[in-house]
Amino acid sequence: MAYNSTLYVVATPIGNLEEMTPRAIRILSEVEIIACEDTRQTLKLCKHFGISKPLISCHEHNEYYVVNKIIEYLQEGKDIALVSDAGYPGISDPGEKVIAKCIERSFNVVVISGPCAFVNALVGSGLDTSHFLFYGFLPSKKGERTKELTKLAKNENTLIFYEAPHRILETLQDMKKELHNRKICIARELTKKFEEYLRGTIEEIIERITANPLKGEIVIIVEGSKKEDVETLTDLEIIDKVNNLIEKGMSASEAIRHVSLTFKVKKNDVYRLFHQ
């Protein structure tokens, strides 16, 4: 059975309220009900844009229950907007189950475009944007996180993760162990006053944030695996790679860093081999 009512999936600002689109404002003003992750956050957003609508809470702990309520409202012919606290509902935020169930029940589902943190971070990272894999949040438990990183180690696509500030250092240390010393970019507090991009190798970023711990929402962009395999290089070949780069004008430290990054060899090991 087809219905005339619609579930609008509305992307909301990830920080800067100026990124709220005119279409998103209009849809939130026109629907009968807004389903949101945190009613307090969405109430602030609505007040800012002069919107007054009934709010129902839809978060990870009650999503199954709220699906049924939303289905009931849609069956009554009411249009509903689904929002998360920031960005797109369903992208590492509640909403996926609601959207899937509404599609299954043949309701109209319309997505209203808006900001997305991982897209901003990817474009601003300086890393390859032609092919990428968005993972989202890694498991919080070390063993499970390590297992997932091991699976991703040979993936040649740029890898994208979300992470909480209190776990960022531990996560980067696990990445260094499992993915080796690749280029990465950490983007934090995107579109906000203290927006910041940190670019470098995993080792370099660990050093920087150990001295200056990070705060706020964090996106990690990681260089994909390269086809060069460190296991195919002998110690003498590693030394030759360094010497060749020095002959081309690099300093010894730059050459060592480059070989370490390109061929997934620990920087200290390349340094030791070269100076021996």
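The numbers here are math on the coordinates, done by the rules we state, and not lab data. Model, not experiment: these values are computed from the prediction. Methodologically, a virtual Cβ is constructed for each residue, glycine included, from the backbone with ideal geometry; neighbour enumeration extends over all protein chains shown.
The table that follows gives values for the structure above.
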read-out: Nearest 10 degrees, 0 to 90: helix 235-247 Cα axis against the chain principal axis; value: 90
read-out: Förster-model FRET efficiency, 35 Å R0, Lys192 and Asp235, C-beta, rounded to 0.05; value: 0.15
read-out: Distance between modelled label sites at Glu144 and Asn212, nm, 7 Å Cα→Cβ extension; value: 3.3
read-out: Which labelled figure in (i) 120; (ii) 141; (iii) 156 is volume of the Cα convex hull per residue in Å³, once derived from the coordinates; value: (iii)
read-out: Modelled FRET efficiency - R0 25 Å, Asn108 with Phe49, Cβ distances, 0.05 increments; value: 0.60
read-out: Counting DSSP beta bridges with both ends in the range 118-222, the antiparallel % (nearest 5); value: 75
read-out: Tilt relative to the chain, helix 142-152 - C-alpha long axis, 0 to 90 degrees, to 10; value: 80
read-out: Cross-link pairs Lys177/Lys264; Lys101/Lys151; Lys177/Lys241; Lys97/Lys215 - those with Cα-Cα distance over 20 Å; value: Lys101/Lys151; Lys177/Lys241; Lys97/Lys215
read-out: DSSP bridge orientation in the chain - percent antiparallel, rounded to nearest 5; value: 45
read-out: For the range 72-149 and the range 183-247, distance of Cα centres in Å; value: 27
